[in-house]
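Undergrad: Pasting a structure here, questions to come.
The values are calculated or read from the model by the stated rules, or taken from the named source; none is laboratory data. Remember, it's a predicted structure, so these values are computed and weren't measured experimentally. Neighbour counts are summed over all protein chains in view; Cβ atoms, including those assigned to glycine, are modelled from backbone coordinates with ideal geometry. We work out accessible area using only protein heavy atoms, side chains counted, and drop any ligands, DNA or RNA first. Shrake-Rupley method; radii C 1.70, N 1.55, O 1.52, S 1.80 Å.
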Amino acid sequence: MVKNNKLIVKSNYIVEASYKLSVGEQRVIYILTSMINKDDADFKLYKFTAKQFADIIGTKSKNIYNQVSQYVEALRDRDLTIIKEKSILKTKWLSSAEYFADEGYVELEFSPKLKPYLLMLKERFTKFSVEQMVSFASQYSGRIYELLKQYEKIGERTFKIEDLRSLLGIGFDEYKQYGLIKQRILNKAKKEINFDSDLLIEFEEIKTGRKVTSIKFHINANRTKNKASEEACTTLECKSTNEEEKFSTELISMVKSIFKENITGKEAKFILNTAKNDINIIKEKYALSQNVSKIGNIVGWMIKAIKEDYTIPKDKVKVGSFNDYEQRDYDFDALEKKLLGWDKEEKIKETGQEFQQLSIQ
């Protein structure tokens, strides 16, 4: 496979969208997305050559132009459903495709509706390596990798089985039994991701009674692959991305080291976010907590202390008011979604699920 240091940058709205593409169709989208420049204010006509596709995926097929044409034709009919805070967008990936068979290329254009999710992204986005994404042989491995990659710094992610089916575009008549999902999708994705990506994942089954109703993924960095990627990385953008990710990971480790209590990466990340990455504020509030008795929920106490800027003298802290907060139902799943930009109203979620089910039928 030809080395390719280009990055794919996607809004998390697209990462979380409901759609299903074949492996070849996914690869077209990955390569096409990597052609977008970070400063582009509008979509362009992207020249997509058969040779370029062949080089990137590492094939010597003589029929590659026809294969690309078939993938593009299929893509023109593919839907994706994006759930936003106040609406649900159903659109196509491509708005046009013009074929130049004699020259061996296709000119492609993204749907205009995708502009907010692929152009000039400032927040709520995830970066992927093109080389990484085109390496997956299973159509589900790439999608699962995307869904977990944005949670890498949190370290875990849980899906209800029905939500995972919707995100992966699994139809109602496909893989009806969980055992088939585990065997043909989850185990295969785990093997591919762990063998050929910068992530190492495990998953555990969460049961209601005897039935598996949710899957919890544990996400860690694949140190061997990350080291190889850093050595191969020569572009300024690639180096910058590695530095940003390393900085964030170091901050989370610093937060965890402040606490005598054992807190999770997810909890440390939210405390860090609440303090706007100011380690000194976290140290200050934690020092204050050491003079407060009977704090059952140290993370909840810390978040409130940072938000309300507790500056009460240590010898005059009132325990009662803190204990009131301790008793609240502190939903870290909801905080996680808020942190990543997915704090949607319940009504919108329910409506989105209905639309997603309709799109799969």
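Undergrad: Among the residues in the range 67-85, are any modelled with pLDDT of 85 or more, in a loop (DSSP other than H, G, I, E, B), under 24 Å from ILE170 (Cα atoms) and in contact with a Leu (Cβ under 8 Å, 6 or more places away or on another chain)?
TA: Among the residues of the range 67-85, at least one is modelled with pLDDT of 85 or more, in a loop (DSSP other than H, G, I, E, B), under 24 Å from ILE170 (Cα atoms) and in contact with a Leu (Cβ under 8 Å, 6 or more places away or on another chain), which makes the answer yes.
Undergrad: Also: Please count how many residues of the range 166-177 are free of Cβ contacts under 8 Å to residues at least 24 places away in the same chain and either in a helix (DSSP H, G or I) or of a type in the set (Asp, Glu) (or both).
TA: The total comes to 2.
Undergrad: Among the residues in the range 122-136, are any more than 27 Å from ILE170 (Cβ to Cβ) and not in a helix (DSSP H, G or I)?
TA: yes
Undergrad: For ARG124, are the conditions met, namely being open to solvent by 30 Å² or more (accessible area, probe 1.4 Å) and either closer than 27 Å to ASP196 by Cα or among the polar types (S, T, N, Q) (or both)?
TA: Yes: the conditions hold for ARG124.
Undergrad: Given (1) modelled with pLDDT under 95; (2) within 18 Å of the chain's Cα centre (by Cα), where does LEU186 come up short, assuming only one miss?
TA: (1)
Undergrad: Could you tell me which of the residues ILE161, ILE154 is of a type in the set (Val, Ile, Thr) and open to solvent by 20 Å² or more (accessible area, probe 1.4 Å)? Steps first, answer last, please.
TA: Working: ILE154 fails: open to solvent by 20 Å² or more (accessible area, probe 1.4 Å).
The conditions single out ILE161.
Undergrad: Please work out if GLY155 is in contact with a Gly (Cβ under 8 Å, 6 or more places away or on another chain), small (Gly, Ala, Ser) and more than 18 Å from VAL23 (Cα to Cα). Walk me through how you get there before you give the answer.
TA: Numbers: in contact with a Gly (Cβ under 8 Å, 6 or more places away or on another chain): yes; small (Gly, Ala, Ser): yes; more than 18 Å from VAL23 (Cα to Cα): yes.
Taking the combined requirement at face value, the residue satisfies it.
Undergrad: Checking LYS176 against (1) touching a strand residue (DSSP E or B) at 6+ places or on another chain (Cβ under 6 Å); (2) over 18 Å from HIS218 (Cβ atoms), which test does it fail?
TA: Only one criterion is unmet by LYS176, namely (1).
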